[in-house]
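Let me begin by presenting the structure, written as structure tokens, before commenting on it.
The values are calculated or read from the model by the stated rules, or taken from the named source; none is laboratory data. Computed from a prediction, not measured in an experiment: that's the story for all the values here. Note that we place each Cβ from the backbone using ideal geometry, even for glycine, and neighbour counts take in every protein chain shown. The area values use the complete protein model at the heavy-atom level, side chains included, leaving out ligands, DNA and RNA. Shrake-Rupley method; radii C 1.70, N 1.55, O 1.52, S 1.80 Å.
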Amino acid sequence: MFSTTDFRKGLKIEVEGTPYEIVDFQHFKPGKGGAMVRTKLRNILTQRMQDITFRSGEKVGKPDLETRDMQFLYHDGEELVFMDMTTYEQLQMSEEQTGGKAGFLKDGQECRVLLYKGNPLDIDIPLSLVLEVVETEPGAKGDTVSNVTKAAKVETGITIQVPIFVNEGDRIKIDTRTKEYLGRE
């Protein structure tokens, strides 16, 4: 159980059987009565935001969340197949659940899978990855304007915008949160 004094950004709590993540919180004391805690919560199952106010000292549950190190095996249509690194047990989750992170997964890549009551919810991948460019237009020689970009397809299948000097076969660093080019490796 967590008390309102334990609240911090990123803490995962359970309210009325639903898991939430605290996005923001604020302690306040109205003119009369006891202190309160105003929270902005993100429902972990549906990703919807919700505002809930708690009395100071009120207790909330701890959700049955678990993270496991797993290896991404392959895409099976719209499903992703992962293998637990210790038990060799396989599990599937839909691409939708990852919030776009599935486009950064390579076969054999290790990642952390968030489970709620044994069911996969989300994956954690590094903030940046180095991937190889497999398809892009050649840049024109002498074209050195710094803010000109072109589309490039990387080995995982996603397309991002890169500077015109990037060629096929180059290994580039990509920010996985924004899908932005960070540099060549």
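Brief remarks on what is shown
- Excluding exposed DSSP-loop trypsin sites (Lys or Arg not before Pro) (at most 12 other C-beta within 10 Å), longest clean stretch of the chain: 49-116
- Distance from the range 62-97 to the range 12-35 (C-alpha centre basis), Å: 31
- Each of PHE165 and ARG55 was given a label point 7 Å from its Cα along the Cα-to-Cβ line. The distance between the two points is 6.5 nm.
- Debye-sum result for the range 82-185 in log10 I(q)/I(0), which assumes one identical scatterer on each alpha carbon, at q = 0.10, 0.23 Å⁻¹: -0.35, -1.21
- Residues in the range 29-62 reached by a label modelled at GLU21 [backbone nitrogen below 15 Å; 7 Å Cα→Cβ]: 40-50
- Accessible area of the chain belonging to carbon and sulfur atoms, whole % at 1.4 Å probe: 45
- For the chain, Kirkwood radius (reciprocal of mean inverse C-alpha pair distance, Å): 19.4
- Quotient of C-alpha Rg and 2.2 N^0.38 Å, computed over the range 8-75: 1.40
- Exposed loop sites here mean chymotrypsin sites (Phe, Trp or Tyr not before Pro) with a DSSP loop assignment and at most 15 other beta-carbon atoms within 10 Å; the chain contains its longest site-free run at 1-87.
- Cross-link check: pairs LYS12/LYS59; LYS101/LYS153; LYS29/LYS59; LYS9/LYS40; LYS150/LYS179; LYS40/LYS179 evaluated at a Cα-Cα cut-off of 20 Å; pairs beyond the cut-off: LYS40/LYS179.
- Using a Gaussian network model of the chain in which every pair of alpha carbons under 10 angstrom is joined by a spring, one finds that among THR67, THR86, THR156 the greatest mean-square fluctuation is at THR86.
- Among the GluC sites (Glu not before Pro) in the range 81-120, those placed in a DSSP loop whose Cβ has at most 14 other Cβ atoms within 10 Å are GLU89.
- For the chain, the solvent-accessible area of protein heavy atoms averages 60 Å² per residue (probe radius 1.4 Å; ligands and nucleic acids excluded).
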